[in-house]
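This report concerns only the one structure given below.
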Amino acid sequence: MPAQASASAEAPPMPSPEVQEAEAAPDKESQVDKGTKETGAAALPQQKSWLVWHFSLLLRRDRQAQKAGQLFSGLLALNVVFLGGAFICSMIINKVAITQGDVSILLAVLKVLSFLWLLYYAAGTTRQPHAVLYRDPHAGPIWVRGSLVLFGCCTVCLNAFRLGYDIMHINCKSQFELVFPVIEMVFISIQTWVLWKHCKDCVQVQTNFTRCGLMLTLATNLLLWVLAVNDDSTHQEIEAELGNLMEKSSGQGNNTCLCVNSTVCEVFQKGYLMLHSFSTEYCLICCAVLFVMWKNVGRRLAHHTGAHPSTPPFHLHGVILGPLLGLLTLVAGVCIFVLFQIKASGPAIAPQYFNLYYAFYVAVLPAMSLACLAGTAIHGLEERELDTVKNPTRSLDVVLLMGAALGQMGISYFSIVAIVATSSHELLNRLILAYSLLLIMQHIAQNLFIIEGLHRRPLWEAAPQGSSGKQEAEAPRRGSLLELGQGLRRASWAYIHSYSHLNRKRRALKEISFFLILCNITLWMVPAFGIHPEFQNGLEKDFYGYHTWFAIVNSGLPLGVFYRMHSVGSLVEVYLGA
């Protein structure tokens, strides 16, 4: 009996109640039941693993289809841009084989296809069931949509001036050319309305067709920007050369293309030239918005990210020094702008006005650089967490800041090489050299400050996320709701106490951001309204040649104007986030 008891104690336990009930059965039945039970237990994990494998396969196929759609639409845009770029370059090189009319016809076809797709997207795609389940809260901030509408209206006015100018010269122009401004006005109007209304969409139906339509529209806007830059350089060149010819000829020569009313024609021409920079800015903004929409096609957002916390209104909150210094800079910039514009309308500009223009920049740029470096240092000292959530809009903002800064930086490097190579010791050349060096430093410092500020979690988002993080961390350890509530209350008080000691840092960030906002508005205003001293100071033009320097300046200036405008919007977000 003891041996039997010890044997029964050493016997392994049965795996289930059914097997324990079959102890008195023969050994064969026990083995059969045991084998059947082991087979059933192995079938459940096998079934689960098959479901997981099947679900992961579907996700993988969906991800591959999304990448294939992005690749195909990207190749479509690339081919359209290459085709249009080949037409525009051929028109510049050989205006006899490829004329302005040929380029206008190609762009008119692209505009018609684009606004037909925009109408279909607004009236068809977005109205289908479950078409727009998610909306990106970071896409299309109010300053982007406001700039879109403002510059869109200016571009429509630009085409109206162009249409009026062509009508006044109807005796020497083809009536077919009057169609192109009308098509562009319709395209700009429809595109502005659709982008204002649907810039936050994350479309879930007809994804491949939507991607192709967005890329086609983006390529059309990019080609319009390239053509606008070329037209701007052509107008500048024609004005400079024809002005000299008119002074030399003093009315000699026959002009077969005369305007019916010279005063009205001059108004149309001045308005057309003044609004050209707004047209280039509009095209670049549309390209940025369309790219974000293209990245959001098929994107699925988490439920907790769907409701974006309301952005606080733009208040000063006791900020005084930054707005005061910024307003002084703005007033000084407006005075110099008006003075230089008046002198630029004359036959020649005196050297002292160039000295005054560059001296203003030499005084403002170091102050902006020091403010940016101080703001970057404050960002390193504050305790706000980094926002590591995937955000296509913020990634695009960083790329645009870095890319647009290359425009003015490239012009500055060309100016530095020309001044150093000529070894000129005049006051104007020294000012231009200092201006170029300070401009490069200011762009680098401002990009560091803005990018660091954009990657900091905004203050109004930090408290809820910190509380929820505390709740998730303490929930497994606390079994009582009362203890959990006390822990959250302590975390909230600790958060408020921590950020109450950061008031000085946050106020300094707001002062710096506001000062930089007004400074960038000033530096945006001067080149945006047609003042281009780089064309007229003479040194770089003599060093590189007339046409080469015009190509350099007209490639970099639109990017510089876009950089200032984009910096203003990014600095507003940094100001609000502080």
Carbon + sulfur, % of accessible area of the range 107-232 - ligands and nucleic acids excluded, 1.4 Å: 69
Shape box of the range 66-149 [Cα atoms, principal axes, largest first, Å]: 52, 34, 23
Computed label-point distance, nm, for sites Met274 and His425 using a 7 Å Cα→Cβ extension: 4.4
Binned Cα-Cα distances of the range 515-574, short to long, each 10 Å bin given as a whole percent: 22, 42, 25, 10, 1
Alpha carbon convex hull of the range 133-226, projected area averaged over orientations, nm²: 7.3
Listed peptides 443-451, 350-358 by packing density, highest first (mean Cβ within 10 Å): 443-451, 350-358
Computed E for Tyr120/Val334 - FRET, C-beta separation, R0 45 angstrom, nearest 0.05: 0.50
Those residues of the range 416-443 whose amide nitrogen sits under 16 Å from the label point placed on Lys343, 7 Å along Cα→Cβ: 427-432
Cα point-scatterer Debye curve for the range 161-211, base-10 log of I(q)/I(0) at q = 0.14, 0.18, 0.29 Å⁻¹: -0.56, -0.68, -1.06
Additional length obtainable on full extension of the chain from Ile92 to Thr548, 0.36 nm per residue less Cα span: 162.8 nm
Accessible surface of Ser49 - all protein chains present, 1.4 Å probe, nearest 10 Å²: 70
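The values are calculated or read from the model by the stated rules, or taken from the named source; none is laboratory data. Everything quoted here is computed from the prediction, not taken from an experiment. Every residue, glycine as well, gets a Cβ built from its backbone with ideal geometry; the counts of neighbours run over all protein chains shown. Heavy atoms of the whole protein, side chains included, go into the accessibility calculation; ligands, DNA and RNA do not. Shrake-Rupley method; radii C 1.70, N 1.55, O 1.52, S 1.80 Å.
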